[in-house]
1. Looking only at segment 93-113, how many residues end up being surrounded by fewer than 18 Cβ atoms within 10 Å (Cβ to Cβ) and either in contact with a Gly (Cβ under 9 Å, 6 or more places away or on another chain) or not acidic (Asp, Glu) (or both)?
2. Out of Tyr91, Tyr49, I need the residue that is of a type outside the set (A, V, I, L, M), within 11 Å of Tyr6 (Cβ to Cβ) and part of a helix (DSSP H, G or I). Which one?
3. Checking the condition within 21 Å of Leu157 (Cβ to Cβ) and either in contact with a helix residue (DSSP H, G or I) (Cβ under 7 Å, 6 or more places away or on another chain) or of a type in the set (S, T, N, Q) (or both), which residue from Leu26, Leu116 passes?
4. Kindly list the number of the only condition in (1) under 29 Å from Ile141 (Cβ atoms); (2) β-branched (Val, Ile, Thr); (3) in contact with a Lys or Arg (Cβ under 7 Å, 6 or more places away or on another chain) that fails for Val17.
5. So, in segment 139-154, exactly how many residues are surrounded by fewer than 15 Cβ atoms within 10 Å (Cβ to Cβ) and in contact (Cβ under 8 Å) with a residue 24 or more places away in the chain?
Amino acid sequence: MKQKIYLETTMFNFPFVPDKPGYTELKADTGKVFALIKEGKYEPYTSLYALEELKDTEQMERRENMLNLVDEYGITILPADSRAEQLAALYIAEGAVPPGYPEDATHIATTALYELDFIVSLNFEHIAREWTLRKVDTVNIREGLKRIGIYRPSEVLKL
């Protein structure tokens with residue numbers, strides 16, 4: 001059975017970031033994750049929360065390119081859900097995600113509520129970090145939710 005993965009906003013952004021030192025490998029790993037999706041290894045999901053963030057991109061061409069990835073890779077869009085927002089608030093209260101970043105907590109909450117296997121993110125400050133995973137696990141176990149993985153693209157390539 002295919003693993004179900006949630007693509008957080010940064011995954012749509014990174015294929016189109018300018019080439020800068022330190023970004024080359026991240027862009028390549030992101031492209032490889034998308035290639036695995038195209039090959040059928042993963043069942044991809046994102047949410048209306050992610051799409052709203054993408055739609056806020058000021059550069060029209062870049063915004064369109066990012067949004068086109070949803071159709072190109074057959075990514076299922078999960079609806080906004082008040083339960084995800086409530087769970088996100090718990091993550092913030094537990095210190096998994098800083099208070100000023102409810103969108104980041106909502107991406108993780110959506111992954112958990114829809115019982116996806118893991119979230120893939122290049123947000124190393126608030127999502128793809130060990131501290132966040134431990135705190136999210138604590139909340140999810142307490143709330144009777146499935147444990148989820150939180151991975152960087154490079155980690156997905158090793159699964």
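Taken together, the values in this text are just the output of simple stated rules run on the coordinates, not laboratory data. What you see is a predicted model; the values in this text were computed from it and never measured. Because the Cβ atoms are built from the backbone with ideal geometry, glycine has one as well, and the counts that use them run over all protein chains shown.
1. 7
2. Tyr49
3. Only one candidate passes the filter, namely Leu26.
4. (1)
5. Result for segment 139-154: 2.
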